[in-house]
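Below: one structure, written as structure tokens.
The values are calculated or read from the model by the stated rules, or taken from the named source; none is laboratory data. Remember, predicted model here, so these are calculated numbers, not experimental data. Neighbour counts are summed over all protein chains in view; Cβ atoms, including those assigned to glycine, are modelled from backbone coordinates with ideal geometry.
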Amino acid sequence: MPIKEDFCHNKKPIGKIMHSDGEHFHWVWPSQGLAEASKNPDVLAAYKKNGEKMEKIGVSGTMVAVDWDSCVADGACIEACPVQVFQWYRTEKDISAVKAIHETFDGTGSSVKEERHDYSDNADPIREHDCIWCMACVSVCPPQAVLVDQGNQEWHEKALGTYQKLGSGQANPHAHD
């Protein structure tokens, strides 16, 4: 199921994944429902092996978003990304995805397609802030679980409480450029 273009519009995040640099983080948004991951035999076997229950997780990231309920740990996005936005989150911390939603990561997990922990691992946009908007990850994802949309910055800022609409009495810093 393709990730919905409005997955974060007028919604509240369910958590955030912090980067240990103390500056960067990305929101995790509500689930769009169990999708490809819940039907994939490799993913289901990995959850069983880990003693974990398949449950709704959500969408990790805002401008670079991965629907973890659709992600089948194919790794095509990781391989395609020229600036290593993604990491296999379980290669840094071997915890369930539900627990990862409120964790801090160093960004030291693997960014190599074949190095995923197992098929319960998910590509996480830990370096969302480094995205160059090339869309390579979007074009290669088999379940269409990745969405890159710079326009979603507005929803990231609204959730953070820092959004200011241009023309709302605030000076435009670029007005004299």
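When residues of segment 76-96 are filtered for being touching a Cys at 6+ places or on another chain (Cβ under 9 Å) and either within 20 Å of LEU34 (Cα to Cα) or buried (at least 21 other Cβ atoms within 10 Å of the Cβ) (or both), how many remain?
Number of matching residues: 5.
Give segment 141-167 a look and list any residue that's of a type outside the set (Asp, Glu) and surrounded by fewer than 15 Cβ atoms within 10 Å (Cβ to Cβ), or say none.
Answer for segment 141-167, where residues must be of a type outside the set (Asp, Glu) and surrounded by fewer than 15 Cβ atoms within 10 Å (Cβ to Cβ): PRO142, GLN150, GLY151, GLN153, LEU160, GLY161, THR162, TYR163, GLN164, LYS165, LEU166, GLY167.
Kindly list the number of the only condition in (1) more than 16 Å from ASP121 (Cβ to Cβ); (2) at pLDDT 95 or above; (3) buried (at least 17 other Cβ atoms within 10 Å of the Cβ) that fails for ALA73.
If we test ALA73 against (1) more than 16 Å from ASP121 (Cβ to Cβ); (2) at pLDDT 95 or above; (3) buried (at least 17 other Cβ atoms within 10 Å of the Cβ), just (1) comes out false.
Please pick out the residue among VAL138, VAL146, VAL112 that is at pLDDT 95 or above, under 14 Å from SER60 (Cβ atoms) and in contact with a strand residue (DSSP E or B) (Cβ under 9 Å, 6 or more places away or on another chain). It would help to see each step written out before you state the result.
Values: VAL138 fails: under 14 Å from SER60 (Cβ atoms); VAL112 fails: under 14 Å from SER60 (Cβ atoms).
Just a single option satisfies the conditions, and that option is VAL146.
Name the single residue that is surrounded by the most Cβ atoms within 10 Å (Cβ to Cβ) among those in segment 106-130 being closer than 16 Å to ALA145 by Cα and of a type in the set (S, T, N, Q).
ASN122
Criterion first (hydroxyl-bearing (Ser, Thr, Tyr) and either surrounded by 22 or more Cβ atoms within 10 Å (Cβ to Cβ) or on the phi > 0 side of the Ramachandran plot (or both)) does SER60 satisfy it? Reasoning before the result, please.
Numbers: hydroxyl-bearing (Ser, Thr, Tyr): yes; either surrounded by 22 or more Cβ atoms within 10 Å (Cβ to Cβ) or on the phi > 0 side of the Ramachandran plot (or both): yes.
Yes, satisfied.
Does ASP124 qualify as being touching a Gly at 6+ places or on another chain (Cβ under 9 Å) and touching a residue at least 60 places away in the same chain (Cβ under 8 Å)? Let's see the steps before the verdict.
On the way: touching a Gly at 6+ places or on another chain (Cβ under 9 Å): yes; touching a residue at least 60 places away in the same chain (Cβ under 8 Å): yes.
Against the criterion (touching a Gly at 6+ places or on another chain (Cβ under 9 Å) and touching a residue at least 60 places away in the same chain (Cβ under 8 Å)), ASP124 qualifies.
If GLU103 passes every condition in (1) acidic (Asp, Glu); (2) more than 30 Å from TYR163 (Cβ to Cβ); (3) touching a strand residue (DSSP E or B) at 6+ places or on another chain (Cβ under 7 Å) but one, which one does it miss?
It fails just one condition, (2).
Considering only residues of segment 33-53 that are surrounded by 18 or more Cβ atoms within 10 Å (Cβ to Cβ) and of a type outside the set (Phe, Trp, Tyr), which is farthest from SER120 (Cα to Cα)? Talk me through it step by step, then tell me what you get.
The first filter runs over segment 33-53 and keeps only residues surrounded by 18 or more Cβ atoms within 10 Å (Cβ to Cβ), leaving 35-37, 40, 43, 46-47.
Still in the list and also of a type outside the set (Phe, Trp, Tyr): 35-37, 40, 43, 46.
Working: ALA35: 14, GLU36: 12, ALA37: 9, ASN40: 10, VAL43: 5, ALA46: 5 Å.
The residue in question is ALA35.
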